[in-house]
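Participant: One structure is given below, represented as structure tokens, and several questions about it will come after.
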Amino acid sequence: MNPKQLAAEKAVSFLENGMTIGLGTGSTAYWAIEKIGEKVKNENWKIRAIATSIRSEEHARSLGIPIFDFSTISTIDVTIDGADEVDAQLQLIKGGGGALLREKIVASNSNQMIVVADESKWVKTLGSFPLPVEVVHFGWQRTFEKLQLLGCETKRRMQENEPYITDNGNYIVDCSFNEITDPPALHEAVNAITGVVDNGLFIRIASKLVLGFNNGETRVISR
Ligand code: 5RP
């Protein structure tokens with residue numbers, strides 16, 4: 001089994017029938033959705049789910065997982081989602097798949113966020129992976145300049161030669177800092193720029209990490 005699937009299936013073992021579950025986005029969260037689909041189909045699980053992207057919602061629906069409107073749900077028990085980087089304090093960089101805003105809204109309204117990742121995502125210091133920042137269209141060039149003043153190189157994300165557009169209708173700018181020495185301070189500084197909707201740093205949100213290793217082992221780390 002590949003390490004992403006291993007981590008995702010281990011994380012699903014922490015879920016229970018009857019829960020309200022947040023469904024992440026990406027190639028690791030994919031396996032969690034698959035496993036949850038199996039529980040619904042084969043073990044008759046009655047759950048309620050909220051998806052963090054249109055992609056994950058369609059995947060879940062195709063497996064018969066009931067998707068609920070956020071307005072009908074006040075608390076999410078557990079969200080399982082991937083990460084682009086994770087450090088020992090369970091601080092994350094997310095948004096490689098462009099879903100950071102919905103992912104953060106869902107995770108911060110969850111009693112628990114379980115991060116699932118293969119061993120390549122575990123880092124000593126965040127920042128090798130460019131930080132995704134969601135930015136509104138209006139005045140985006142000026143917003144990019146303000147982001148550059150924080151010490152990064154900016155690149156507007158593209159898809160098939162067109163600017164990438166998030167599920168919320170915004171741009172993503174990938175900000176290369178190389179090393180993020182103070183993630184909470186950077187999180188605040190980025191979000192203080194007018195025109196920024198949110199950024200991919202997740203600080204004090206993840207409660208558990210399940211890492212999958214190439215040798216077939218998993219490791220669970222709690223905050
Ligand atoms: C999407 C994300 C993903 O969770 C992150 O990019 C990890 O993806 P993958 O599991 O495919 O490596 O934040 O916005």
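Each reported figure results from applying straightforward, stated rules to the coordinates on display, with no laboratory input. Since this is a predicted model, take the numbers as computed values, not measurements. All Cβ positions, glycine included, derive from the backbone under ideal geometry; neighbour counts span all protein chains shown.
Participant: I need the phi-derived Karplus couplings for the range 79-96: 6.51 cos²θ - 1.76 cosθ + 1.60, θ = phi - 60°, integer Hz, Gly and Pro marked x.
Facilitator: Once rounded to whole Hz, the list reads 10, 10, 8, x, 8, 8, 8, 9, 10, 5, 8, 6, 7, 10, 10, 10, x, x.
Participant: Who wins for biggest fluctuation among Ile47, Ile33, Ile73 in a Gaussian network model of the chain, springs between alpha carbons below 10 Å?
Facilitator: Result: Ile73 has the largest fluctuation of those listed.
Participant: Here's something else I'd like to know. Which order results if Val173, Val196, Val116 are arranged by neighbouring Cβ count within 10 Å, fewest first?
Facilitator: Val196, Val173, Val116
Participant: How fast does the chain diffuse by Stokes-Einstein, in µm²/s, taking the Kirkwood radius from C-alpha pairs at 4 °C and 1.567 mPa s?
Facilitator: 73
Participant: On to the next question. Calculate for the chain the 222 nm mean residue ellipticity that helices alone would give, adding -39,500 (n - 2.57) per DSSP H run of length 4 or more and normalising by residue count, nearest 500 deg cm²/dmol.
Facilitator: Helices in the chain give a 222 nm mean residue ellipticity of -8000 deg cm²/dmol.
Participant: Under 8 Å for C-alpha pairs, at least 6 residues apart: give me the relative contact order for the chain, rounded to a whole percent.
Facilitator: Here the relative contact order equals 24 percent.
Participant: Moving on. Percent antiparallel among DSSP beta bridges with both residues in the chain, to the nearest 5?
Facilitator: Antiparallel: roughly 55 percent of the beta bridges in the chain.
Participant: Assign unit charges at the C-beta atoms only (+1 for Lys and Arg, -1 for Asp and Glu), then state the dipole size of the range 59-212 relative to its Cα centre in Debye, rounded to the nearest 20.
Facilitator: 160
Participant: Among Thr143, Thr20, Thr72, determine the one that fluctuates most according to a GNM of the chain built with springs between C-alpha atoms less than 10 Å apart.
Facilitator: The residue that fluctuates most here is Thr72.
Participant: While we're here: Short version: ³J(HN,Hα) in whole Hz for each residue of the range 202-211, in order, from phi by Karplus 6.51 cos²θ - 1.76 cosθ + 1.60 (θ = phi - 60°), x for Gly and Pro, what are they?
Facilitator: For the range 202-211, the Karplus-derived couplings read 10, 10, 6, 10, 6, 9, 8, 10, 10, 9 Hz, x marking Gly and Pro.
Participant: Could I ask something else about it? Charges at C-beta only: +1 for Lys and Arg, -1 for Asp and Glu. How large is the resulting dipole of the range 131-195 about its Cα centre, in Debye rounded to 20?
Facilitator: It comes to approximately 220 debye.
Participant: Could you work out how far the C-alpha centroid of the range 44-96 sits from that of the range 140-179, in angstrom?
Facilitator: Centre-to-centre (Cα) distance: 24 Å.
Participant: Another question, then. Once the other residues with Cβ under 13 Å from the Cβ of Thr79 are scored (Lys, Arg +1; Asp, Glu -1), what is the net sum?
Facilitator: Every neighbour counted, the sum reads +2.
Participant: Please identify, among Gly18, Gly26, Gly212, the residue showing maximal mean-square fluctuation in a Gaussian network model of the chain using a 10 angstrom Cα cutoff.
Facilitator: Gly18
Participant: Report, in debye and to the nearest 20, how large the dipole of the range 2-115 comes out about its Cα centre when Lys and Arg carry +1 and Asp and Glu carry -1 on their Cβ.
Facilitator: Taking the Cα centre of the range 2-115 as origin, the dipole is about 200 debye.
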